[in-house]
1. For region 613-632, give me the residue count where each residue is open to solvent by 10 Å² or more (accessible area, probe 1.4 Å) and under 17 Å from Asn536 (Cα atoms).
2. Looking only at region 676-694, filter to residues that are open to solvent by less than 10 Å² (accessible area, probe 1.4 Å) and touching a residue at least 60 places away in the same chain (Cβ under 8 Å); which one of those is farthest from Ile479 (Cα to Cα)?
3. So, of the residues in region 332-362 that are among the hydrophobic types (A, V, I, L, M, F, W, C), open to solvent by less than 30 Å² (accessible area, probe 1.4 Å) and part of a helix (DSSP H, G or I), which turns out to be farthest from His388 (Cα to Cα)?
4. Criterion first (touching a residue at least 40 places away in the same chain (Cβ under 8 Å) and assigned to a helix (DSSP H, G or I)) does Asp184 satisfy it?
5. Among the residues of region 31-45, which ones are modelled with pLDDT under 90, surrounded by fewer than 24 Cβ atoms within 10 Å (Cβ to Cβ) and part of a helix (DSSP H, G or I)?
6. Can you name the residue in region 383-421 that is hydroxyl-bearing (Ser, Thr, Tyr) and outside any loop (DSSP other than H, G, I, E, B) and, of all such residues, is most open to solvent (accessible area, probe 1.4 Å)?
7. I need the full set of residues from region 487-523 which are part of a loop (DSSP other than H, G, I, E, B) and either free of Cβ contacts under 8 Å to residues at least 12 places away in the same chain or farther than 27 Å from Arg688 by Cα (or both), in order please.
Amino acid sequence: MPRPDLNDIFNRALLAHRAGQLDIAASLYREVLMHDKKQFAPLHLLGVIEGQRGNLAEGIRQISKALRLDPKSPEAYLNLGRMQGEADDLGNAEKSLRKSISLNPNNALAYGNLAAVYRRMKRYEEAKTAADQALRIDPNEWMALINRGNVLLALNLLDDAKADYERAATLHPSAPEAWIGLGDISCKNRDIKAALDHIQKALTLAPKSAEARLLQARLLEMRHLYEEALIAIEQALAAAPDLVDADILRSRILFTTKRYSETIPILERIIRSNPETVGIKGQLFVSKMMTCNWDRYEKDRLACVRAIEENPAHITPYDSVIVTQAPAQHLACAVEHTKRGFPKIETVWPGPLYAHEKIRIGYVSPDFREHAVGHIIAGLFGHHDKRHFELYGFSTAADESALRARIKSTFDHFIDIGSMTHEQAAQCIRDHEIDILIDLAGHTVHSGLNAMTFKPCPVQVTWLGFPGSTGAPFMDYIIADPTVIPPEHEPFYTEKIVRLPDTYQPNDDDLKVAESPSRQAEGLPASGLVFCCFNNTFKITPEVFDIWMRLLDQVASSVLWLFEANATAKANLQKEATRRGISPERLVFAPLADYATYLARTQLADLFLDNNYWNGHSTASDALRCGVPVITCQGTSFASRVASSLLRAIEMPELITTSLEDYEALALKLARDPALLAATKAKLARNRLTAPLFDTARFTRHLEAAYVTMYERAQRGEPPASFSVEALPSNI
């Protein structure tokens with residue numbers, strides 16, 4: 001039988017391969033190899049087909065065999081490195097691509113793929129160098145543009161990344177990766193319209209693309225369409241079951257919607273498979289704290305502390321406050337988060353300074369609405385001296401509440417920037433020529449920090465919404481007081497410290513508390529002492545709960561009244577009480593209620609028992625307003641010193657302790673001595689009318705004095721510097 005023409009078979013295989021007829025091509029390549037096993041080209045291309053089919057291990061095996069026949073093929077090393085990269089074998093992918101480049105230094109594709117590998121290894125500078133080299137060789141290599149865009153995006157160089165994606169889209173409009181990159185940038189900039197357009201283009205080109213579906217889910221999350229976002233995530237995971245970013249987003253949405261029990265196993269799975277994932281360890285710890293799941297509390301907490309020491313990116317600034325009281329660690333997390341989370345851009349305010357008749361004060365907040373911050377700050381705006389200050393409110397989130405309407409009416413100008421891109425919001429602030437801009441949210445949801453990254457005005461300040469440093473070089477000051485940031489803690493803030501004389505926290509002296517309901521109406525026993533803590537459940541630590549249970553054991557007929565945050569937390573707290581020998585019936589849970597109802601029922605409590613890592617902030621001042629003494633244990637972090645600040649401002653420092661032993665002893669002493677407790681309540685009632693805590697006008701004058709000092713320093717061309725505001729007499 002005559003030997004078949006192997007060249008003819010191979011050429012027919014090539015034609016079929018180029019036409020996308022992979023089965024036919026593979027069959028023909030195998031026919032060639034059946035007659036001659038040492039043919040490099042069909043073996044190599046058979047491996048390429050396996051890779052195209054997603055059979056990466058087999059593709060790698062076939063190409064490796066081919067390279068033993070021809071170890072000097074740059075194309076084979078290129079394809080091998082590309083597949084190894086897809087298989088997450090990044091170390092070998094780097095070696096293969098480097099070998100390809102050594103054999104063909106002008107191989108733009110190899111440099112482009114190497115850039116992608118380095119990016120996934122988080123070796124960003126090497127990734128950018130490789131992409132730059134690919135584009136020097138071939139300026140029209142669209143995949144290298146996309147790879148460089150991905151690197152620039154990871155470095156938060158959004159404008160540069162956008163330019164690369166746009167050029168790639170022009171060169172190769174059918175590349176979904178370019179539209180995905182542009183959509184990602186639009187999402188980061190909150191440009192909803194552009195993001196919708198880009199994502200739709202990507203999905204039209206690649207309807208099964210996991211990356212496109214994931215980006216669609218992110219956009220739906222931004223629009224608060226959480227169920228739709230979860231569906232898009234399932235579609236992404238159907239296409240790529242191991243896509244860790246999809247699980248990260250799913251866990252975040254479940255956390256946001258308070259489905260903590262569903263969040264925890266997802267986070268545990270992410271940590272097992274990708275232990276270096278940014279922010280996940282802290283999120284897992286906080287998810288457990290939200291449900292009072294303390295089975296591994298100290299191990300989990302210490303693991304988070306170690307994670308911060310190894311790499312502060314592991315824990316977000318907000319979560320760090322729950323994990324540790326060490327302000328140095330809080331700062332490290334904030335600085336790292338700021339580096340990663342905020343783009344490197346040009347400022348929109350290059351100067352000069354303004355010279356308005358009145359100092360223009362801008363407040364940026366998501367909480368000009370029914371929110372704890374909204375309640376404590378609402379009275380402040382109406383007390384501002386409008387003869388000397390012109391007030392601008394920049395709102396990043398909204399509701400239709402009466403509180404929002406009240407707050408809005410107290411501003412000279414009120415602008416909703418929540419639907420703007422971050423740059424548009426910054427430009428809007430710049431256009432209003434604000435002299436001093438105050439962020440009221442810090443590292444919390446819907447923060448104005450993204451707009452403030454653009455430095456839209458001369459002086460930028462953070463205050464109130466987040467208990468710690470922003471870690472941001474574009475913020476000039478943080479407003480505090482001598483208690484929450486003592487002098488020895490100044491090194492743990494990137495901002496200069498402005499200390500108000502009493503407390504950093506404002507309060508509304510116009511707020512009236514309605515008559516309290518009956519104990520029976522709130523599920524409380526007719527008699528017996530009522531301990532309470534209405535802080536969120538994530539603030540409850542096992543060591544403090546131990547104390548609470550010992551107090552119940554030692555004070556007959558007493559109960560502990562807690563906020564019912566979620567059903568799982570309630571069940572876990574009841575279980576923990578039983579473990580400590582206390583009947584779960586002695587825990588009474590108060591459901592979520594409107595603010596007026598919450599204040600009215602708070603009056604039924606006898607003693608507010610504070611938390612240690614994260615004190616009651618607005619809840620502590622609410623308790624004091626309602627005549628309920630607050631017992632706190634002053635810690636070392638901003639968040640753990642707020643209740644002490646409030647107690648000093650209401651002139652009741654005797655309720656401040658500095659150890660959990662003293663905290664427990666003081667609570668027991670007051671609970672066992674009705675006369676002492678009555679005297680403490682009477683003093684609190686008197687001080688509420690005379691002490692600085694609820695003197696809103698006086699607080700506002702102090703705050704305005706701080707603004708004047710900031711403004712005058714800027715006008716003189718002096719850099720920000722820490723200072724303290726001199727105290728005015730009460731009731732000014």
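1. The first filter runs over region 613-632 and keeps only residues open to solvent by 10 Å² or more (accessible area, probe 1.4 Å), leaving 613-614, 617-619, 625-627.
Checking which are under 17 Å from Asn536 (Cα atoms) leaves us with 613-614, 617-619.
Selection size over region 613-632: 5.
2. Among residues in region 676-694 that are open to solvent by less than 10 Å² (accessible area, probe 1.4 Å) and touching a residue at least 60 places away in the same chain (Cβ under 8 Å), the one farthest from Ile479 (Cα to Cα) is Leu684.
3. At the first step, the residues of region 332-362 found to be among the hydrophobic types (A, V, I, L, M, F, W, C) are 332-335, 342, 345, 348-349, 353, 355, 359, 361.
Subsequent filtering for residues that are open to solvent by less than 30 Å² (accessible area, probe 1.4 Å) retains 333-334, 342, 348, 359, 361.
With the extra rule that they be part of a helix (DSSP H, G or I), the set shrinks to 333-334.
Numbers: Cys333: 38, Ala334: 35 Å.
Result: Cys333.
4. Working: touching a residue at least 40 places away in the same chain (Cβ under 8 Å): no; assigned to a helix (DSSP H, G or I): yes.
Taking the combined requirement at face value, the residue does not satisfy it.
5. If the condition is that a residue be modelled with pLDDT under 90, surrounded by fewer than 24 Cβ atoms within 10 Å (Cβ to Cβ) and part of a helix (DSSP H, G or I), then Glu31, Val32, Leu33, Met34, His35, Ala41 are the ones that fit.
6. Just the residues of region 383-421 that are hydroxyl-bearing (Ser, Thr, Tyr), to begin with: 392, 395-396, 401, 409-410, 419, 421.
Now drop any that are not outside any loop (DSSP other than H, G, I, E, B), which leaves 392, 395, 409-410.
Numbers: Tyr392: 8, Ser395: 0, Ser409: 89, Thr410: 26 Å².
Top of the filtered list is Ser409.
7. Filtering region 487-523 down to residues part of a loop (DSSP other than H, G, I, E, B) leaves 493-495, 500-519, 523.
Correct list: Tyr493, Thr494, Glu495, Lys512, Ser518, Gly523.
Condition check ((1) under 19 Å from Thr632 (Cβ atoms); (2) open to solvent by 60 Å² or more (accessible area, probe 1.4 Å); (3) among the aliphatic types (A, V, I, L, M); (4) touching a helix residue (DSSP H, G or I) at 6+ places or on another chain (Cβ under 6 Å)) across all residues:
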residue	(1), (2), (3), (4)
Leu560	yes, no, yes, yes
Leu573	no, no, yes, no
Asp594	no, yes, no, no
Tyr598	no, no, no, no
Ala605	yes, no, yes, no
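The values are calculated or read from the model by the stated rules, or taken from the named source; none is laboratory data. All figures in this text were calculated on a predicted structure; none of them were measured in a lab. With ideal geometry, Cβ positions are generated from the backbone for all residues, glycine too; neighbour counts draw on all protein chains shown. Areas reflect the complete protein model, heavy atoms only, side chains present, ligands, DNA and RNA absent. Shrake-Rupley method; radii C 1.70, N 1.55, O 1.52, S 1.80 Å.
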